[in-house]
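In what follows, a single structure is set out as structure tokens and then discussed.
The values are calculated or read from the model by the stated rules, or taken from the named source; none is laboratory data. The shown structure was predicted, so the numbers you read here are calculated from the model rather than taken from an experiment. Note that we place each Cβ from the backbone using ideal geometry, even for glycine, and neighbour counts take in every protein chain shown. SASA here: full protein model, heavy atoms, side chains in, ligands and nucleic acids out. Shrake-Rupley method; radii C 1.70, N 1.55, O 1.52, S 1.80 Å.
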Amino acid sequence: MNFLLSEYKTFIGQLIADGYKCLPFSAPEAREVFGKHLLLRHDIDIDPSAAIEMARVEKSVGAKSTYYVLLSNRHTNPLDKAFRNAVQELAALGHWIGLHFDATQYDLQPEDPAFPKYVEKEVELLEWATGISTDSVSFHRPARELLSASGSLTAPLSHTYENVFIREIEYCSDSSGKWSYGPPEDR
């Protein structure tokens, strides 16, 4: 599959037509290894308004995703009105909102007892700024130590790199414009 919105729409639409159900990472059934469910996610590193077109396409075929918003860079400001409006529009389209957390901003390692507090503070800021509940957490460019890290790092929210999500259920990624785990239609 090419990286075209039209091909994505067709592919996701077919999965929905075949009986797949979109779930948030927080749903208990999202951890089930078997079943026809999709955990769609998009990490937003810079501009949440750029994701709105994709969110509309997903809604048009009955799909829902979690949009993970990065707060800790010079391009994103959760207090900026355009930023808040874009995140609110993603949620209004029926999608879930999550935090895209960058541990390197705080020089955090998974074994650091303060790790969960930093996640909690960013979640609070995102929720306060947008008025939208945060569903879960996705790590930004995770260090090897964060891959399969315990859910306690982000508790009570789940994170997308928990073992169940990347090793126990089928995982597919299009990071950097290439299919890291093989083309999705082959899965």
The number of residues in segment 91-105 that are closer than 17 Å to Asp45 by Cβ and in a helix (DSSP H, G or I) is 3
Considering only residues that are touching a residue at least 12 places away in the same chain (Cβ under 8 Å) and of a type in the set (D, E, K, R), which ones fall in segment 137-166?
Arg141, Glu145, Glu162
Which pairs do you get when a residue that is free of Cβ contacts under 8 Å to residues at least 12 places away in the same chain, found in segment 4-20, comes within reach of a residue that is assigned to a helix (DSSP H, G or I) and surrounded by 11 or more Cβ atoms within 10 Å (Cβ to Cβ), reach meaning Cβ atoms under 9 angstrom, with the pair 6+ apart or on two chains?
Ser6/Val57
What are the residues in segment 50-66 that are at pLDDT 90 or above and either open to solvent by 30 Å² or more (accessible area, probe 1.4 Å) or out of contact with any Leu (no Cβ under 8 Å at 6 or more places or on another chain) (or both), if any?
Glu53, Met54, Arg56, Lys59, Ser60, Val61, Gly62, Lys64
Given the criteria at pLDDT 95 or above and of a type in the set (Lys, Arg), does Lys36 qualify?
no
Going by what's in this entry, would Val123 be described as part of a helix (DSSP H, G or I), at pLDDT below 90, open to solvent by less than 30 Å² (accessible area, probe 1.4 Å) and not charged (D, E, K, R)?
no
